[in-house]
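Comments concern the structure below.
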Amino acid sequence: MTNITTKQAVLFKGLSKKLLVGQFDQAHASSDGGAILLKACDERLKLSETLSACLQDDRQQSKVMHSLQELFQQRMSALPVAMLTPMMQRGCPAIPCSKC
């Protein structure tokens with residue numbers, strides 16, 4: 001039986017000062033690197049910026065450490081990763097994960 005793998009690479013422009021390239025060349029691997037892709041999508045679509053602009057921030061500004069946009073960004077990147085973790089632990093066949 002022949003294993004057919006597709007090797008792909010994606011260049012993320014404008015995410016950082018350094019060159020960032022994602023390569024998808026391991027047949028049985030997974031990481032939280034998809035969060036980088038989510039960040040790129042958010043920045044391009046301005047989703048967190050748009051959502052935060054819809055809300056009135058009634059917090060005491062002297063005690064605020066993170067803007068509403070930063071809070072949206074954190075939740076938008078953390079939730080998908082947190083949802084995948086239990087499925088990967090159960091050995092869900094739809095999600096390739098590192099071999100044990």
Pair list, Cβ under 7 Å, 6 or more apart: region 57-74 residue touching a residue at least 24 places away in the same chain (Cβ under 8 Å) and within 26 Å of L45 (Cβ to Cβ), other residue in a helix (DSSP H, G or I) and of a type in the set (A, V, I, L, M): F72/L51
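Quick grid of which residues meet (1) modelled with pLDDT of 95 or more; (2) on the phi < 0 side of the Ramachandran plot; (3) surrounded by 14 or more Cβ atoms within 10 Å (Cβ to Cβ):
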position	(1), (2), (3)
L38	no, yes, yes
K46	no, no, no
L55	no, yes, no
L79	no, yes, no
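The values are calculated or read from the model by the stated rules, or taken from the named source; none is laboratory data. If you're wondering where the values come from, they're calculated on a predicted model, not measured in any experiment. Cβ atoms come from the backbone with ideal geometry, glycine included; neighbour counts cover every protein chain shown.
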